[in-house]
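S.K.: Can you read through this structure? Questions will come right after.
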Amino acid sequence: MCQKLEVVPDVWSLHEWSNWLTPCGLKQRFDTAFFICCLQDKPNVAEDEWETVHSQWGSPYDILQEYYQGGVALAPPQIYELGRLMNFSTVPDLLKFACQRGQHRVERWLPVKVASSDSLMSVFPGDSLYPKDIDPEGPDVTFTHTERLAELDNSHPNKHRALVNPEMRHADGRMCYRVVCNIALPGEHVAPHIPDSEFKFVPRL
């Protein structure tokens, strides 16, 4: 295609950002690499009517606000990455950071399900609850603990997770997650910044 159109993709403007592997046990799984690319103008977008059926431009703040008000469905990695973008008030700030940390490669993260007696979590590497030996090709497994979440927090101090509890559920049954991270991330990356004071869970009727 590039030869036919006589163009060269500007791959030098792509900055490696993250790498997520879909949890085990799902029928379709994706090993997805995310890149940051900063543009002067909004490009035209065409949906393929299969994986993409609707396009919308919005700030990380607005998208997260809509999520917590029950208006849009997001998976934990999407919430996580939007929370990361909340660290930057301007596009130049984001671009500067992406260029600076470009000397580091990103790690591939495989979320795993962990259940306490009163909560359910999607846990990421670096969390004290993350299993030491996890088979990325293995079956769908929920690692269960008999303790309550507060007890696990005391015995497992390193937190890197998306947390859900029974009262955080949208009217259509979708669970609502909030991201918790108190560890230093590899590759000098930034942690999600999603202030509880700004985003309140609102179940949509």
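The values are calculated or read from the model by the stated rules, or taken from the named source; none is laboratory data. A quick note: this is a predicted structure, and the numbers were derived from the prediction, not measured. Neighbour counts run over all protein chains shown; Cβ positions are idealised from the backbone, glycine included. The accessibility values were calculated without ligands, DNA or RNA, using every heavy atom of the protein model including side chains. Shrake-Rupley method; radii C 1.70, N 1.55, O 1.52, S 1.80 Å.
S.K.: So the check is Cβ under 6 Å with 6+ separation or different chains; which pairs have a first residue in the range 177-205 that's modelled with pLDDT under 80 and a second one that's exposed (fewer than 11 other Cβ atoms within 10 Å of the Cβ)?
M.R.: Going by the 6 Å Cβ cut-off, the qualifying pairs are P203/A171; R204/A171; L205/A171.
S.K.: Exactly one of (1) part of a loop (DSSP other than H, G, I, E, B); (2) modelled with pLDDT of 90 or more; (3) of a type in the set (S, T, Y) is unmet by T32. Its number?
M.R.: Tallying (1) part of a loop (DSSP other than H, G, I, E, B); (2) modelled with pLDDT of 90 or more; (3) of a type in the set (S, T, Y), T32 fails exactly one: (1).
S.K.: Moving on to the next point. Of all residues in the range 9-29, count the ones that are surrounded by 10 or more Cβ atoms within 10 Å (Cβ to Cβ) and either touching an Asp or Glu at 6+ places or on another chain (Cβ under 9 Å) or assigned to a loop (DSSP other than H, G, I, E, B) (or both).
M.R.: 11
This table checks each residue for (1) open to solvent by 80 Å² or more (accessible area, probe 1.4 Å); (2) of a type outside the set (S, T, Y); (3) at pLDDT 90 or above.
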{"residue": "D48", "(1), (2), (3)": "yes, yes, yes"}
{"residue": "T52", "(1), (2), (3)": "no, no, no"}
{"residue": "I63", "(1), (2), (3)": "no, yes, yes"}
{"residue": "Q78", "(1), (2), (3)": "yes, yes, yes"}
{"residue": "R84", "(1), (2), (3)": "no, yes, yes"}
{"residue": "Q100", "(1), (2), (3)": "yes, yes, yes"}
{"residue": "Q103", "(1), (2), (3)": "yes, yes, no"}
{"residue": "P111", "(1), (2), (3)": "no, yes, yes"}
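S.K.: Take the residues in the range 174-202 that are touching a strand residue (DSSP E or B) at 6+ places or on another chain (Cβ under 7 Å) and not β-branched (V, I, T); name whichever of them is least open to solvent (accessible area, probe 1.4 Å).
M.R.: Per the criteria, the residue is C176.
S.K.: Additional query: Only one of these conditions is not met by L149: (1) more than 21 Å from the chain's Cα centre (by Cα); (2) exposed (fewer than 15 other Cβ atoms within 10 Å of the Cβ); (3) among the aliphatic types (A, V, I, L, M). Which number is it?
M.R.: Among (1) more than 21 Å from the chain's Cα centre (by Cα); (2) exposed (fewer than 15 other Cβ atoms within 10 Å of the Cβ); (3) among the aliphatic types (A, V, I, L, M), L149 violates only (2).
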